[in-house]
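Undergrad: Following this message is one structure expressed as structure tokens.
Values quoted throughout were computed directly from the atomic coordinates according to the rules given, and no laboratory measurement underlies them. A quick note: this is a predicted structure, and the numbers were derived from the prediction, not measured. Heads up, the Cβs are rebuilt from the backbone with ideal geometry, glycines too, and the neighbour counts pull from every protein chain shown.
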Amino acid sequence: MSTTTITKDSRHTLSVLVKHNLNTFSRIIGIFSGKGFELESVTFASEAERGMARITITTYGNEETVEQINKHLHNVIDVLKVTDLTHKKCIERELAIVKVSTAKVGRPEIMLIAQAFKAKVIDITADKLALEVTGNTDKVDAMIEVLKPYGITEMSRTGSVALKREFQGAVNIN
Amino acid sequence: MKSPNTSSTAETSAHTTPLTAVAKASADASALTDSGADILIKTLADLGVDTIFGYPGGAVLPVYDTLFDNHELNHVLIRHEQAGTHAADGYARATGKPGVVLATSGPGGTNTVTGIATAMMDSIPLVVFTGQVPTSVIGNDAFQEADIVGITRPITKQNYLVRDVNDLEHVIREAFHIATKGRPGPVLVDLPKDMLNTKARFSGMKKVEIPSFKPTVNGHHPQIAKAAEMLSNAKKPLIYVGGGAILGEAWEEVTAFAERTNIPVTTTLMGLGAFPESKPQSLGMLGMHGTWYANMAMTECDVLIAVGARFDDRVTGRLDGFSQNSRKIHIDIDPSCIGKNVAVEVPIVGDVKRVIPAIDKLASPPEISEWWDTIHTWQKEHPLVVPKADDRIYPQHMMKMISEVTEGNAIVVTDVGQHQMWAAQHYNYNHPRSWISSGGLGTMGYGFPAAMGAALACPDRDVVCITGDGGFQMSSYELATAVEYKIPVKIALMNNNCLGMVRQWQQLFYQNRTSYSVFGSNNPDFVKMAECYGAVGMRATNPAEMRQVLNEAMKIKDGPVLMDFRVVENENCYPMVPSGAALNEMVESDEECK
Ligand SMILES: Cc1ncc(C[n+]2csc(CCOP(=O)(O)OP(=O)(O)O)c2C)c(N)n1
Ligand SMILES: [Mg+2]
């Protein structure tokens, strides 16, 4: 497999509709581990339709690599549909909970930053705040970058979930 | 073919497990007369399975109990589950029908792993049934529990753990459908013991619908037209045929196309037999031990059409030196094979059996007499090298003599190593499904059991197993099976008293430091070995004896015969594309390597 340098441009979001079973999920993860593809995040959740699930994968690679990933995903028997959302207009969200130290600068400054990112304060202790932020991955990345100098003590991210927009025209209502 | 059973009646009341699942179809429990084990056997019979290769154990005892008085299925008691899987694989390669294996849980299942991986790499349809501990104790490290679904996930096309006996029949039918349709491959079905004991209903419903599994068979028409146009105008075209042409049963189509257009044809190791080597368009095999002229044609061609081949590294050599000036067309039923190693201009996803005739219809024979002149010059200047005859047996002569004695009509099954490459080079392959060899995984120990499978599948054909002194020892215990079932495999053991291919690499690339690759006098007496199993063993040390032994062996029809051919031990296999070299950087002799 050709090696690629990881850039924002080579990031792809794939939405995979599968029959709901863990064997299929493992097969999909196995494609990435077994064939050496990049895997940044993955989410797995039941679909509205009974017995189905949607797996949202973010990965890195040049066009050929992602095409190979796409083909391998299609080869998994229980995969019904693979959609590469990268070049489509899509709605993408990720949620992160970030615990940040207030020791250096006090609560107000951190809360100001939270406000700027429309993050919610969900826990307060003597020297820490826990913030909940939702948005596309870029936004979550950005808030984390801003908070880093204050001391992030713990963090948990969900990874992206995404769907194609119904309207593929030029309006962006992010 | 069944082994004689000693006790007279089967205890039908052995199935004492209470009903744990009730058929969805009917609330009438009294109608549930079949155990899971019965359903398994009924479904296999209904699917047209005639032979299964199996080995019993605790978790599959319910199935063996059903088999006790079922005579529809021919169960072959192999002596090791790995060999059973190879035998089923050989059966599948010889017929195109899926091979079927039955093994118990734990070690039974894990023993099948190498055979499954071998089948996966060469896209061979297999359905492997393994026993499993009862569902109630799965995950508890119960006796002989192994997560065989987890273990075999990367080496199966699909696998299943049956958790509801009402799904069993359908899962079995799905397994056969998936194993054989599209790009074939192995499928494993894991059967917890309680699933085999529980009663349910056999439906006989044959239809299998898998919405997520619909292989593309008809190629995209504009691509087909483009391919035809490119070939019609080519100056130096080449047809490169792989195992997909055998799996897709497209040999007649490929042959008709090549003959009409007079385009030269080279086959991969897996494609041998897809195009008759007796035809003038044949350049033989290409790749690491391919012919000089096939590799040169691949390097120099201007339009390349790959037919069910996958640009394996043993075929391409160093990628940046591979067929750089050609425009490439690639037909394959598996889209993930296309563009994987080599970029292609015209990808055609589809069944080669349908795509080739479609191209054939549109293409006109190109004007390529100059190309043929070049190829004929290569053929004259660099034919396949064969040592001068003397009173010793040269491996190359051994293969030629086997070809001659069998008139090129045998099914040749090999192991892995030098003998395999010589067998590929020097036997004349003119028939499809007549060359059976582990190409992708290169599994030593494959040959003999696979030959048994092929012989059981094709009782009217001569089956010759060309094997090595190393590889044969990895499955020699199957002599017991071959004797028991009177399987007339002719074992032609190329005995060079060493792991020849390893020794060759050490000589060429490790300054002749032949580390742990030479058996010398530590090999067993293979003739006595055959005899102790009740098989015929014969030895030959010179060409005259070899001919005599071969003629004698071909007459034996009621069991295996082992021919210990003492060949020149230091012979090496050429031409060779050293690993890391480009395809046209072949060496043709030991001297050239120094
Ligand atoms: C299971 C397995 N182990 C190791 C190898 C590596 N290997 C490839 S060829 C070879 C030597 C085979 O020796 P032999 O069967 O005597 O055949 P020869 O090359 O001498 O014809 C070995 C060890 C292999 N292919 N398969
Ligand atoms: Mg040897």
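Undergrad: Could you list, in sequence order, all residues of segment A:14-55 that are part of a loop (DSSP other than H, G, I, E, B) and of a type in the set (S, T, N, Q)? Before you say what the answer is, go through the steps one by one.
TA: First, pick out the residues of segment A:14-55 that are part of a loop (DSSP other than H, G, I, E, B): A:20-21, A:36-40, A:47-51.
Matches in segment A:14-55: A:N21 only.
Undergrad: Sticking with this one: Only one residue in B:S403, B:S434, B:S364, B:S369 is more than 16 Å from ligand 1 (Cβ to nearest atom), under 20 Å from B:D564 (Cα atoms) and of a type outside the set (A, V, I, L, M, F, W, C). Which one?
TA: On the way: B:S434 fails: under 20 Å from B:D564 (Cα atoms); B:S364 fails: under 20 Å from B:D564 (Cα atoms); B:S369 fails: under 20 Å from B:D564 (Cα atoms).
It is B:S403.
Undergrad: Ok, one more. Hey, can you tell me all the residues within segment B:299-334 that are within 14 Å of chain A (Cβ to nearest Cβ) and more than 23 Å from B:H289 (Cβ to Cβ)? Working first, answer last.
TA: From segment B:299-334, those within 14 Å of chain A (Cβ to nearest Cβ) are B:310-311, B:313, B:319-320, B:330, B:332-334; that's our starting set.
Hits for segment B:299-334 are B:H330, B:D332, B:I333, B:D334.
Undergrad: Please specify each residue of segment A:47-77 satisfying the condition of being touching a residue at least 60 places away in the same chain (Cβ under 8 Å) and within 11 Å of chain B (Cβ to nearest Cβ).
TA: A:E64, A:T65, A:Q68
Undergrad: Same structure again: Can you confirm whether segment B:215-238 contains a residue that is within 14 Å of chain A (Cβ to nearest Cβ) and surrounded by fewer than 24 Cβ atoms within 10 Å (Cβ to Cβ)?
TA: Residues of segment B:215-238 within 14 Å of chain A (Cβ to nearest Cβ): B:215-216.
Right, trim to surrounded by fewer than 24 Cβ atoms within 10 Å (Cβ to Cβ) and you get B:215-216.
Yes, the conditions are met somewhere in segment B:215-238.
Undergrad: Could you grab the pairs with beta carbons closer than 6 Å, sequence gap of 6+ or different chains, first residue in segment B:466-487 and more than 14 Å from chain A (Cβ to nearest Cβ), second one within 10 Å of ligand 2 (Cβ to nearest atom) and in a helix (DSSP H, G or I)?
TA: As it stands, the answer is B:I466/B:H419; B:G468/B:H419, since those pairs meet every condition given.
Every residue, every condition in (1) crowded, with 18+ Cβ neighbours inside 10 Å; (2) within 14 Å of another protein chain (Cβ to nearest Cβ), yes or no:
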{"residue": "B:Q82", "(1), (2)": "yes, no"}
{"residue": "B:A87", "(1), (2)": "yes, no"}
{"residue": "B:Y91", "(1), (2)": "yes, no"}
{"residue": "B:G109", "(1), (2)": "yes, no"}
{"residue": "B:M120", "(1), (2)": "yes, yes"}
{"residue": "B:T130", "(1), (2)": "yes, no"}
{"residue": "B:G150", "(1), (2)": "no, yes"}
{"residue": "B:K157", "(1), (2)": "yes, yes"}
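Undergrad: Let me ask another. Is it true that A:E166 is surrounded by fewer than 14 Cβ atoms within 10 Å (Cβ to Cβ) and either within 21 Å of the chain's Cα centre (by Cα) or of a type in the set (S, T, Y) (or both)?
TA: Values: surrounded by fewer than 14 Cβ atoms within 10 Å (Cβ to Cβ): yes; either within 21 Å of the chain's Cα centre (by Cα) or of a type in the set (S, T, Y) (or both): yes.
Spelling it out, A:E166 is indeed surrounded by fewer than 14 Cβ atoms within 10 Å (Cβ to Cβ) and either within 21 Å of the chain's Cα centre (by Cα) or of a type in the set (S, T, Y) (or both).
Undergrad: For residues that are in a loop (DSSP other than H, G, I, E, B) and closer than 21 Å to B:A227 by Cα, tally how many sit in segment B:297-334. Steps first, please.
TA: Here is the first cut: in segment B:297-334, the ones in a loop (DSSP other than H, G, I, E, B) are B:301-302, B:308-312, B:318, B:322-326, B:333-334.
Still in the list and also closer than 21 Å to B:A227 by Cα: B:301-302, B:308-311, B:322-326, B:333-334.
Selection size over segment B:297-334: 13.
Undergrad: Working only within segment B:335-351, note down all residues that are more than 9 Å from chain A (Cβ to nearest Cβ) and part of a loop (DSSP other than H, G, I, E, B).
TA: Residues satisfying the conditions are B:N341, B:V342, B:V344, B:E345, B:G350, B:D351.
Undergrad: Looking only at segment A:78-115, how many residues end up being surrounded by 19 or more Cβ atoms within 10 Å (Cβ to Cβ) and without any contact (Cβ under 8 Å) to a residue 40 or more places away in the chain?
TA: 1
Undergrad: Please find, among B:K555, B:K486, B:K490, the residue that is in contact with a Cys (Cβ under 8 Å, 6 or more places away or on another chain) and basic (K, R).
TA: Working: B:K555 fails: in contact with a Cys (Cβ under 8 Å, 6 or more places away or on another chain); B:K486 fails: in contact with a Cys (Cβ under 8 Å, 6 or more places away or on another chain).
Selected residue: B:K490, the only one of B:K555, B:K486, B:K490 that is in contact with a Cys (Cβ under 8 Å, 6 or more places away or on another chain) and basic (K, R).
Undergrad: Looking only at strands (runs of 3 or more DSSP E) that lie completely in segment B:49-162, which have at least 2 residues being in contact with a Pro (Cβ under 7 Å, 6 or more places away or on another chain)? Even if it seems obvious, please write down each step before you answer.
TA: Values: elements: B:51-54, B:74-77, B:99-103, B:126-132, B:158-161.
Answer list for segment B:49-162: B:126-132.
Undergrad: Only one of (1) of a type outside the set (S, T, N, Q); (2) part of a helix (DSSP H, G or I); (3) surrounded by fewer than 17 Cβ atoms within 10 Å (Cβ to Cβ) fails for B:V386. Which number is that?
TA: (2)
Undergrad: Then there is this: Report, by residue number, each residue of segment B:463-476 that is more than 9 Å from ligand 2 (Cβ to nearest atom), crowded, with 24+ Cβ neighbours inside 10 Å and of a type in the set (G, A, S).
TA: Matches in segment B:463-476: B:S475 only.
Yes/no matrix, rows are residues, columns are (1) within 24 Å of A:K164 (Cα to Cα); (2) charged (D, E, K, R); (3) away from every other protein chain (no Cβ under 12 Å):
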site: A:S10; (1), (2), (3): yes, no, yes
site: A:V18; (1), (2), (3): yes, no, no
site: A:G30; (1), (2), (3): no, no, no
site: A:K35; (1), (2), (3): no, yes, no
site: A:A45; (1), (2), (3): yes, no, yes
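Undergrad: So, one more: Give the number of residues within segment B:118-148 that are touching a residue at least 60 places away in the same chain (Cβ under 8 Å) and more than 22 Å from B:G308 (Cβ to Cβ).
TA: Step one: of segment B:118-148, the residues touching a residue at least 60 places away in the same chain (Cβ under 8 Å) are B:118-135, B:143-144.
Retained after the next criterion (residues that are more than 22 Å from B:G308 (Cβ to Cβ)): B:127-135, B:143-144.
Adding up the residues that qualify gives 11.
Undergrad: Further question on the same structure: Return the residues of segment A:48-71 that are among the aliphatic types (A, V, I, L, M) and buried (at least 19 other Cβ atoms within 10 Å of the Cβ); say none if nothing qualifies.
TA: Of the residues in segment A:48-71, the ones among the aliphatic types (A, V, I, L, M) are A:48, A:52-53, A:55, A:57, A:66, A:69.
Selection gives A:A53, A:I55, A:I57, A:V66, A:I69.
Undergrad: Further question: Across segment B:352-369, which residue is nearest to the other protein chains (Cβ to nearest Cβ) among those that are among the small types (G, A, S) and more than 29 Å from the chain's Cα centre (by Cα)? Walk me through how you get there before you give the answer.
TA: Going residue by residue through segment B:352-369, those that are among the small types (G, A, S) are B:358, B:363-364, B:369.
Okay, now just the ones that are also more than 29 Å from the chain's Cα centre (by Cα), so B:363-364, B:369.
Details: B:A363: 27, B:S364: 33, B:S369: 38 Å.
Only one residue fits best here, namely B:A363.
Matching residues to (1) over 24 Å from the mean Cα position of the chain (by Cα); (2) surrounded by fewer than 17 Cβ atoms within 10 Å (Cβ to Cβ); (3) within 23 Å of B:N542 (Cβ to Cβ):
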position: B:E478; (1), (2), (3): no, no, no
position: B:A482; (1), (2), (3): no, no, no
position: B:Y485; (1), (2), (3): no, no, no
position: B:L499; (1), (2), (3): no, no, no
position: B:Q504; (1), (2), (3): yes, no, no
position: B:N512; (1), (2), (3): yes, yes, no
position: B:Y516; (1), (2), (3): yes, yes, no
position: B:S521; (1), (2), (3): yes, yes, yes
position: B:P524; (1), (2), (3): yes, yes, yes
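Undergrad: Hey, could you check segment B:501-535 for residues that are among the polar types (S, T, N, Q) and within 15 Å of ligand 2 (Cβ to nearest atom) and say which is nearest to B:A423 (Cα to Cα)?
TA: Filtering segment B:501-535 down to residues among the polar types (S, T, N, Q) leaves B:504, B:506-507, B:511-512, B:514-515, B:517, B:521-523.
With the extra rule that they be within 15 Å of ligand 2 (Cβ to nearest atom), the set shrinks to B:504, B:506-507, B:514, B:517, B:521-523.
Numbers: B:Q504: 17, B:Q506: 22, B:Q507: 21, B:T514: 24, B:S517: 21, B:S521: 25, B:N522: 25, B:N523: 22 Å.
By that ranking, first place goes to B:Q504.
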